[in-house]
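Beneath this line is the structure, given in structure tokens, with notes to follow.
The values are calculated or read from the model by the stated rules, or taken from the named source; none is laboratory data. In this text, all values refer to a predicted model and were calculated from it rather than measured experimentally. Every residue, glycine among them, receives a Cβ derived from its backbone with ideal geometry; neighbour counts consider all protein chains shown. Heavy atoms of the whole protein, side chains included, go into the accessibility calculation; ligands, DNA and RNA do not. Shrake-Rupley method; radii C 1.70, N 1.55, O 1.52, S 1.80 Å.
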Amino acid sequence: MKKTTLILVFALTLSWAFAQSVDIVEAARTSINGTYKSYLFELPDVEEKQAEEDWKKWMEHFNAKPKYDKKNKLWYAENVQISQLNKTPVNVYASIFGEEKPFKRTSVIVWFALEENQSLLDADSLKAKGDSFEGQYARDILTNYAMNAHRSQAEATLKAEETLLDEYNKELKNLQKDQDDFNKTIEKSKKT
């Protein structure tokens, strides 16, 4: 139990340290409706499936239910109320894609857009809004999501390792029982 607690504390500390160093790159990138300001960041050692599950859970913080567009390989949530980002609801689009080689990592690209004309954080206002309160709040939202995804991956890894440890402990117990049986057989053989 002590080892498990120690491992969990270590994993959460790494998650916190990772979140403090999330490098979010702002640039104009093409989305399904045009070219808009986007936020790109990587989640090292996080599997794509885990990142997608965490994205769905993260969007629930804003009472949003993201859907997946298979054709465009894009997660989207419409009419999301993020008051610090904009007074009216925004649409949130996210592209999440993973790589296994040469290292396991997942990249995430996120766009925030107004419903009526997609102009909240468009490419033309990239420089103007880059350092704005809205831009900083968007980066904060994504940094928190990245921290959450990394923590979830660490917890999943910990759970898998605990399961493996349990299997090894069962195997060790069986080997100890076999050894005891062999020792008893040896003692019986010596007596006869």
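Structure values in brief
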| read-out | value |
| --- | --- |
| Selection from region 25-52 of residues that are modelled with pLDDT of 80 or more, open to solvent by 30 Å² or more (accessible area, probe 1.4 Å) and either in a loop (DSSP other than H, G, I, E, B) or among the charged types (D, E, K, R) (or both) | GLU26, ARG29, GLU42, ASP45, GLU47, GLU48, LYS49, GLU52 |
| Single unsatisfied condition, SER152 versus (1) at pLDDT 90 or above; (2) among the polar types (S, T, N, Q); (3) assigned to a helix (DSSP H, G or I); (4) open to solvent by less than 80 Å² (accessible area, probe 1.4 Å) | (1) |
| Number of positions in region 93-104 that are crowded, with 18+ Cβ neighbours inside 10 Å, in contact with a helix residue (DSSP H, G or I) (Cβ under 7 Å, 6 or more places away or on another chain) and not small (Gly, Ala, Ser) | 1 |
| Test: SER107 is at pLDDT 80 or above and either part of a loop (DSSP other than H, G, I, E, B) or open to solvent by less than 30 Å² (accessible area, probe 1.4 Å) (or both) | yes |
| Lone unmet requirement of (1) at pLDDT 90 or above; (2) in contact with a helix residue (DSSP H, G or I) (Cβ under 7 Å, 6 or more places away or on another chain) for ALA11 | (1) |
| Verdict on ASN63 being open to solvent by 70 Å² or more (accessible area, probe 1.4 Å) and free of Cβ contacts under 8 Å to residues at least 40 places away in the same chain | yes |
| Residue match in region 82-91 (condition: open to solvent by 90 Å² or more (accessible area, probe 1.4 Å), more than 19 Å from ILE141 (Cβ to Cβ) and not acidic (Asp, Glu)) | no |
| Contacts under 6 angstrom Cβ, first residue in region 84-109 being touching a residue at least 60 places away in the same chain (Cβ under 8 Å), partner open to solvent by 30 Å² or more (accessible area, probe 1.4 Å) and among the small types (Gly, Ala, Ser), 6 or more apart | THR106/GLY98 |
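Yes/no per residue for (1) at pLDDT 85 or above; (2) closer than 27 Å to PRO44 by Cβ; (3) out of contact with any strand residue (DSSP E or B) (no Cβ under 8 Å at 6 or more places or on another chain); (4) open to solvent by less than 60 Å² (accessible area, probe 1.4 Å):
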{"site": "ALA113", "(1), (2), (3), (4)": "no, no, no, yes"}
{"site": "ASP131", "(1), (2), (3), (4)": "no, yes, yes, no"}
{"site": "LYS170", "(1), (2), (3), (4)": "yes, no, yes, no"}
{"site": "LYS190", "(1), (2), (3), (4)": "yes, no, yes, no"}
